[in-house]
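Read through the structure below, which is laid out as structure tokens, and then see the notes.
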Amino acid sequence: MSEMSEANKDLLEKYRKEVALRRKYHEQLVELKGNIRVLCRVKPVLKEDQHEEGQSVVVTTDPNNESALSVLKGQGRSHNFELDRVFHPQATQEEVFQEIEPLVTSCIDGYHVCIFAYGQTGSGKTHTMEGSTENPGINQRALKHLFSEIEDRKDMWTYTVTVSSVEIYNEVLRDLLSKDGEKLDIKINPDGTGQLHVPGLRLIEVKSFQHIKKLLAQARRNRITFGTQMNQHSSRSHALLMITVLGTDLASGAKTTGKLNLVDLAGSERVWKSGAEGERLKEAQNINRSLLALGDVIQALRGKEKHIPFRNSRLTYLLQDSLGKGNKTAMVVQVSALESNVGETMCSLKFAERVCKVELGHPTSCSHGRPGLQGLNRHTLPGVYSVRLNIENIADSLVYRS
Ligand code: ADP
Ligand code: MG
């Protein structure tokens, strides 16, 4: 008996080492691929989008290069972008999800993951994140995958899945799973860990995919209802679905906590260009500020900067523990291919490029997340940088910041 128990102990020890190694290699692999990935999805031209007859399509993808995208800016000039992955207009919900799936698996392994949908209103953010009943988006596919993985691992692990859902409108946080959209605050946890928590936030334990579907429907209904009460449209708020996966290894008792944050961002269009005033202007400024803050955070993370400006918006503050080092993020930038949207398309792609193209070895004071300084390249002389200032970018960043 004692020999057996010794042998068991030995095996358990070996198994733990293997698990630790697997996690280490997985982590290294994901780091090589990039912990932060910027994807772009081009919306197909739908009949209802064609307000003017014969509008031309100005965005083209390259069938031989999954990272390239080109925008025709008029007068024969075009702008080429290179991102981590570009989805052509005919790409299916399943194809988009395939790119996200490894991140969902990591979440079960105990990583924190954020997936954002960015873009102007109507560009397909909600379609990508939620989709329809017949053709569900990332949310439902991720949850389905999560529950089927949990089922596959049930001999070795047990998992508890909890869900919460909030919306951020004008920098105010509301609980989408409460009856009346209770307002919430983000506080430092009194347990001394320095972690953030949201007192009063409803965390609902879910046992099945069907249960989650009901909660998703409730959150969607609430978002619309609170939206009408405030006479606002849902495209002006950020909607978050936050899934926590607590795992316990049945053999060793070891615990893991993974988080999956799925974020349908507010529309990125710059409405003050059309002379918005009052409430509408305030909303637009809040959206702009928070999207800019998100861009700054992702750029700082991708550039491995020491200071990450999480505190500059509710959204980044709330997601602080999921965005930091060792976590994984995917930003799905949605663009319209139509000529009439070329201004917003260029802005969205510049945002994508800004968070995508960070090649600096270490931070410099002038590179601090500002659009317009994005052509910063490290040259062969150590410590010497050349700054390519693109007047168009600077003009754009002035619009953004004013
Ligand atoms: P957003 O959330 O960015 O405002 P939506 O997701 O609501 O935009 O998309 C606007 C409309 O376009 C919806 O009717 C949606 O079903 C449709 N749509 C968006 N993307 C696609 C796509 N890839 N394929 C088919 N229809 C799409
Ligand atoms: Mg939407």
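Ordered by packing density, taken as the mean number of other Cβ atoms within 10 Å over each peptide's residues, highest first, how do 202-212, 253-263 rank?
Highest mean packing first, the order is 253-263, 202-212.
Could you tell me, in Å, what Rg and Dmax come out for the Cα atoms of the stretch 36-361?
When restricted to the Cα atoms of the stretch 36-361, Rg and Dmax are 19.7, 66 Å.
How long is the stretch 1-107 along each principal axis, judged by its Cα atoms, biggest number first, in Å?
Principal-axis extents of the Cα atoms in the stretch 1-107, largest first: 83, 27, 19 Å.
Whole-Hz ³J(HN,Hα) for each residue in the stretch 102-110, computed from phi via Karplus 6.51 cos²θ - 1.76 cosθ + 1.60 with θ = phi - 60°, x for glycine and proline: what do you get?
Once rounded to whole Hz, the list reads x, 5, 5, 4, 4, 4, 5, 6, x.
Show me the ranking of peptides 112-118, 125-131, 61-67 by mean Cβ neighbours inside 10 Å, starting with the highest.
Answer by packing, highest mean first, reads 112-118, 125-131, 61-67.
Based on C-alpha coordinates, I'd like the Rg and Dmax of the stretch 81-231, in Å.
17.1, 50
A short reminder: the numbers here are calculations on the coordinates, not readings from a lab. These figures come from a predicted structure and were not determined experimentally. Backbone-built Cβ (ideal geometry, glycine too); neighbour counts: all protein chains shown.
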